[in-house]
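The values are calculated or read from the model by the stated rules, or taken from the named source; none is laboratory data. Just so we're clear, the structure is a prediction, and the values are computed from it rather than from any experiment. As a convention, Cβ positions derive from the backbone with ideal geometry for all residues, glycine included, and neighbour counts pool all protein chains shown.
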Amino acid sequence: MKKTRRDFLKTLGATAVGAGAMMSGVTVVHSQAKPIVVGAPVPRASAYGQNGERGMILASEEINAAGGVKVGNTKRPLKLEIIDTRDEEPGVPTSEVLLAIEKLILQKKSDMIVGGPCMSECGLAAIDLYAKYKILDIVSIGCYTPGWDKKVGSDLNKYKYSFRESGSVAWYIKEGVDLLHEIKEKFGFNKMFISIDDSAMCRAAADIVKNLAVKDGWEVVGFDKHPIASTDYSVALGDCKKSGAQVLFIWAYSPETSIMLRQWADMEIPALPIGFIGAAEDPGFWEATKGKGAYTIVTLSEAGCTPSNVTPWTKKYYDAFQKRWKVPPRSTGCVSAYEALYVLKDAIERAGSIDTDALIAALEKTNLPAVRGTIRFNENHQIIYGYDPKTSVLGNWVQWQDGQRITIFPQAASMGSIKMPPWLKKA
Amino acid sequence: MNILIYGTVNSIIFALVAVGFTLVYGVSRLPNFAHGALYVLVGFLTWSMVNDFKLFYPFAILISLGISSLLGALIYRLVLIRLRGLPTSEIIASFAVGLIILEGLRLQGIGGFKGFIGPFYVLPSFIDAKIKIAGVLIDAQRLIVMLGGLAVVVSIWLFTHHTKTGLSLRAIAQDEQAAMMLGIDSDRAAIISLSIGSALAGLAAVIILPLGNVTAEAGYRILINALAVCIIGGLGSWAGAVLASFVLGFAMIISTALFGSVWESVVLVGAIILILIFKPSGLLGKQKELEERV
Amino acid sequence: MSRETSTIQRRKERLDRGIKVRTEGLYALTSWREMFYLLVPRTLLIFGLLLSPFFLEMYWQRVLCQAGIYALLALGFDFLAEYVGLVCLGGAFFIGSGAYLSGLLNAKLGWAPFFTIPIATVAGAVISTLVLLPCLRLRGIYFAIISFMFPLLTVYIIIALNIFGGTEGITALATFPNIWVDQYLILGGVIIALFALRRLVTEDIGLILRSIKDNDQAVKASGISITSYKTKAVFIAALLGCFGGAYLSHLYGWVGISQFALDYSILPIAATVMGGMGTLVGPVIGAFILTPLSEALRGFGQMRVVVYCLILIGFIVYKPEGLMNVLQRKYHQFEHWEEV
Amino acid sequence: MGEGIFLQVKGITKSFGGVMAVKDMSFEIARGEILGVIGPNGSGKTTLVNLITGFVKPDSGEVFFKHKKITGLPPHKIADLGVTRTFQIMRPYHSLPAFKNLIVPLNSPRIRRTRGGKLGDKDGVAIDILEEIGFERDAYVPYKIASSLPLGYLKRLELARCLALKPEVVICDEIFSGLSMSEISTMVPLIEKLQMEGMTIMMIEHRLRELFRLVNRVMVMNFGEKLAEGVPEEVMENKEVREAYLGTEAALC
């Protein structure tokens, strides 16, 4: 009896020691390649989120396949913690989104945050959260509001943790106006009808476009605001036709905008649709409108979503994305989210640590040639857009031609030229 | 002229969306808050059958209408039958069913299911053509909406006023106890009304959806529209629902033309609130529920 | 009786052990056992809530804060539905008005949260009550629908007029000094609200409200204006919701139209159905179960809404009395099988 | 009759969807009087009660209480003035014990006024009223909820709810119906006692024999109109009344 008990104790002790050894062994292995945890808040049920997520997964796979990120002397893999924020969905309060981010920070122990949230309301509210938890954040999907860099710039000391590597509406407006200028020169158009989704952002943006375009010699002959997700645009389009506009400038994100473009074709509105049209960015847009969306000119916000030769990386990225996901990159988010991880890798390797303050300093000095051009941040932590791929990143305006998105602007990315619908030629 | 024609189309869209809801409520006093979800479901089913299974379009429509009416019957048989007479529970349960359908459609990654997200889903138009009426260009699908809508409303009227089943349904609507004494089974009537109502939601979907694209979010909007029509017309009153469709349809088009389309939704919701405050029984409602009971 | 020995019939016999204690106030003080019997559930709840922050990791502490907001809403919903007969689907309206008021006070006038919250709570409740005042004569589904419409209308108006920050809302509001204040403010709020309401429904005003639900005609014939009592009840429920909203706006330092979101109207109902209508404690417990559950399901995308609704339907169809009523019965009664 | 008039109804008319429920009714009740109102089913008796107490708004005509017009006032204001009623369909506050049912009227502004602000122990007052009206102790114990009481008690409870308000006029809508003879025989002295205390009572009734023992005057209604009015014996002699009544209820008296 006694003996057995002693034996039992012995075995127990041995097991314990063994287990301890194993455990410590595991921890040793672990600490050697402890992954860098990158929290990625993403609205998974929205097109933006899905595509941003794809971009990030692709990038992290590439980086890890190449051995990971070099921190000082060790190579550490990236570990992507993707979480569903559910923003851009009806009935979801922003606090839910913020809670998701808190989960990444507090529970998943993320070292930094990359990705969404996409909705402006959430994005703006999240800046305060990052400042509160003193955690680095690179906004790389959506959230284009000009309020973002204004807010970060207003108190850079407090909000230094936030960087925006996706675009800003301010730049897209400039691009749009420059494109309009080009069209005016080339085709002799000068009358414009504006139609927008009714959200604060679209309204503000459209007002700026309007003012700039008027300065440039355009005449704005009509202005329509429709509620987000309305499904009948006949009245506005009828007005547009009557007004004699030659360009229909649209600023709308809701998927229902594709209805507008179909009605545009059905009613044969003699005005070329140009603008910021969420629905028309999608590769599925042609199918969705049964080809009626042809001739629509839309911005994809970032070079690389269509095959072009901005940098050597651009075409390489396009092919890699298509190979990994069996679909071409959509637009917004695909490229910027992909690049964001490379930006991060670059900054970590230059800083030699994942210490937040060191990283912030490194990020501010980023000068990284990538897919869209060369990535640099301005003093408000906002990525610099421009027309020269050597000093800035480029946008991407495409026209739908025969089921393909053909880049027509800016010049450095351009792969084709603008075509006109038959009924507009007649007119 | 523009206003007249597009107002009419808009009104008929309202009527189509609401007719199923009002039929169910009229017959069995069941507020079917899954109405919008069924509408969207039929849209996706049809799309999926046409595009994934390459079915002939009309067949696809018939099958998905069948599924929808079956689902309507199931909702009653499995859930609502236990909740008769508890209006709050009926609302919550049917809304929950609707949420399951709508959010289920957007589920991703289960069994390779991608989820219906984004603007990819469009039903083909029946005829692709454009016609000019009194100087206004209109596409054939909108004409079909107009004619189809009228046909649906008229046939529902004929069905409820001139067929045996329809008459017994109406009898239930008027006096449930008396109808039960005459041997009309109220559960059966409710099942029939729910399956017809669900099929009508589906029918509305296949008529209206080719105008736009199918998104899950539309489900919420459809539900609010149907509610608006039914409340303004008077819950359960068919003539009222048709009248309210026209009032709303034109009110929205006119307010869009006058103040810009931002106010469209304000008009819609505002109308519901005003009607409920000033004449809760609706324009043509004969509900006694709100009169002082003694 | 026992002619057939082959089949022994049994039936469930229930003995209520608490009835004397529960009904005759003084009796409870006669022995420690009885006092213990009465105090245990209450203490468990209070200390459970108050101590929970110490056992949770920080993320779950944040979830706790949100759950508290939903608990307040659920409490208000249950109170209105079960004690007044008003099924109010407009919880989001309470949250929104409380949040916007305190947000505006903080952003425009720069007042500190500890001033804006009480002011927004009361003023928000007054506004909500005034808005709902014309609808009070509506009953059942009509009141449900109209209360459902108000949050929507407000959102549309804010968008249409582009006021209060429009679709982007107002951010960078003052937040609370630390997470302990975050938690204990809302937990304290929930506990105070819960026990105040429980007291209230046994007071005369509570009796009158219940009577209005049972038989409003007889109340009128007793010379009592039911509108004034309903107004008071709505005001009380709105107080809870507006406090939740004002708190929320400072919890994350943000105010936006999504505070009128559907979730604030739906989730409290689910919590109430699950917890047990009319128990007041039930909805609170329901909220503290459902909110974390919803968080735990976050990884499953839309799945969580589906699971959520399945739970809701399951309870409403198969256990309509809810968790709390079952628990209460188990606690108060011995059940045993008895041969007949 | 002049200054004796307490409650006066002048030419009151109400129709529901084209059907005349009450047609041009006029009558008076003097202070301390018991007026019986009888008539076949559907003759508009309950509607008349609803019209007087404000639950239904009349199409035309007026009601005066102590020479003050009360038509158009909401029910609770009329009750506040002292005109209360029982309900034909018993709907007590189900989930409450009997004495808690009386807490509602005891909280009314009228009681606060007449009893001079503080009421003290409301439960005690309620139990006093119940005992006065013939409740046994085991019927008002706290754990016996109102919906489990037998019909006789429910009727008493209805009446108690009125009396708790210290009314000046009580309108009883069929408080005898559905009760057994013995139950009625305990109720009758109760009503006599109320009259002694100076209460003005209007009784709508089907049980004519018991009613006639109580009332000073009786009024007969048929198809919403007044057929006859007077002391019971006289009225029953009236040919039209016998026709109206015997035509429908052969087993009368």
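Here are the numbers for this structure:
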{"read-out": "Filter result (surrounded by fewer than 19 Cβ atoms within 10 Å (Cβ to Cβ) and of a type outside the set (A, V, I, L, M, F, W, C)) within the stretch A:168-187", "value": "A:174, A:178, A:181, A:182, A:184, A:185, A:186"}
{"read-out": "Check on residue C:100, surrounded by 24 or more Cβ atoms within 10 Å (Cβ to Cβ) and touching a strand residue (DSSP E or B) at 6+ places or on another chain (Cβ under 7 Å)", "value": "yes"}
{"read-out": "Scope the stretch A:151-172; condition outside any helix (DSSP H, G or I), more than 17 Å from residue A:116 (Cβ to Cβ) and touching a helix residue (DSSP H, G or I) at 6+ places or on another chain (Cβ under 9 Å); matching residues", "value": "A:155, A:158, A:159, A:160"}
{"read-out": "Residue check, residue A:348 among the aliphatic types (A, V, I, L, M) and modelled with pLDDT of 85 or more", "value": "yes"}
{"read-out": "Whichever residue in the stretch A:310-367 is basic (Lys, Arg) and either assigned by TED's automatic domain parsing to the domain that holds residue A:407 or not in a helix (DSSP H, G or I) (or both) and, among such residues, is surrounded by the fewest Cβ atoms within 10 Å (Cβ to Cβ)", "value": "A:326"}
{"read-out": "Test: residue in the stretch A:286-308 that is without any contact (Cβ under 8 Å) to a residue 40 or more places away in the chain, in a helix (DSSP H, G or I), farther than 23 Å from residue A:49 by Cβ and not hydrophobic (A, V, I, L, M, F, W, C)", "value": "no"}
{"read-out": "Any hit, the stretch A:223-238, residues being touching a Cys at 6+ places or on another chain (Cβ under 9 Å), at the interface with another protein chain (Cβ under 8 Å from one of its Cβ atoms) and not hydrophobic (A, V, I, L, M, F, W, C)", "value": "yes"}
{"read-out": "Condition check for residue C:241: under 17 Å from the mean Cα position of the chain (by Cα) and of a type in the set (Gly, Ala, Ser)", "value": "yes"}
{"read-out": "Test: residue in the stretch A:238-256 that is part of a helix (DSSP H, G or I) and surrounded by 24 or more Cβ atoms within 10 Å (Cβ to Cβ)", "value": "yes"}
{"read-out": "Unique residue being buried (at least 20 other Cβ atoms within 10 Å of the Cβ) and within 11 Å of another protein chain (Cβ to nearest Cβ) when the list is C:310, C:267", "value": "C:267"}
{"read-out": "Condition met for residue D:12 (surrounded by 22 or more Cβ atoms within 10 Å (Cβ to Cβ), away from chain C (no Cβ under 14 Å), closer than 25 Å to residue D:153 by Cβ and of a type in the set (A, V, I, L, M, F, W, C))", "value": "no"}
{"read-out": "Residue in the stretch A:130-149 that is surrounded by the fewest Cβ atoms within 10 Å (Cβ to Cβ), counting only those that are without any contact (Cβ under 8 Å) to a residue 60 or more places away in the chain and part of a helix (DSSP H, G or I)", "value": "A:132"}
{"read-out": "Residue match in the stretch C:138-159 (condition: in contact with a helix residue (DSSP H, G or I) (Cβ under 8 Å, 6 or more places away or on another chain) and charged (D, E, K, R))", "value": "no"}
{"read-out": "The stretch B:1-57 - residue that is of a type in the set (S, T, N, Q) and touching a Phe, Trp or Tyr at 6+ places or on another chain (Cβ under 7 Å) and, of those, farthest from the other protein chains (Cβ to nearest Cβ)", "value": "B:22"}
{"read-out": "Selected residue (only one of C:255, C:201, C:284, C:219 is of a type in the set (Val, Ile, Thr), under 30 Å from residue D:110 (Cβ atoms) and in contact (Cβ under 8 Å) with a residue 60 or more places away in the chain)", "value": "C:201"}
{"read-out": "Residues being within 11 Å of another protein chain (Cβ to nearest Cβ) and of a type outside the set (A, V, I, L, M, F, W, C) - total across the stretch D:43-60", "value": "6"}
{"read-out": "Condition met for residue C:301 (surrounded by fewer than 24 Cβ atoms within 10 Å (Cβ to Cβ), modelled with pLDDT under 85 and more than 16 Å from residue C:76 (Cα to Cα))", "value": "yes"}
{"read-out": "Count - residues of the stretch A:49-87 that are within 14 Å of chain C (Cβ to nearest Cβ) and either surrounded by fewer than 21 Cβ atoms within 10 Å (Cβ to Cβ) or of a type in the set (A, V, I, L, M) (or both)", "value": "4"}
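Table: residues versus (1) within 14 Å of chain A (Cβ to nearest Cβ); (2) touching a Leu at 6+ places or on another chain (Cβ under 9 Å); (3) part of a helix (DSSP H, G or I); (4) under 27 Å from residue C:291 (Cβ atoms).
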| residue | (1), (2), (3), (4) |
| --- | --- |
| C:81 | no, no, yes, yes |
| C:88 | no, yes, no, yes |
| C:114 | no, no, yes, yes |
| C:121 | no, yes, yes, yes |
| C:174 | yes, no, no, yes |
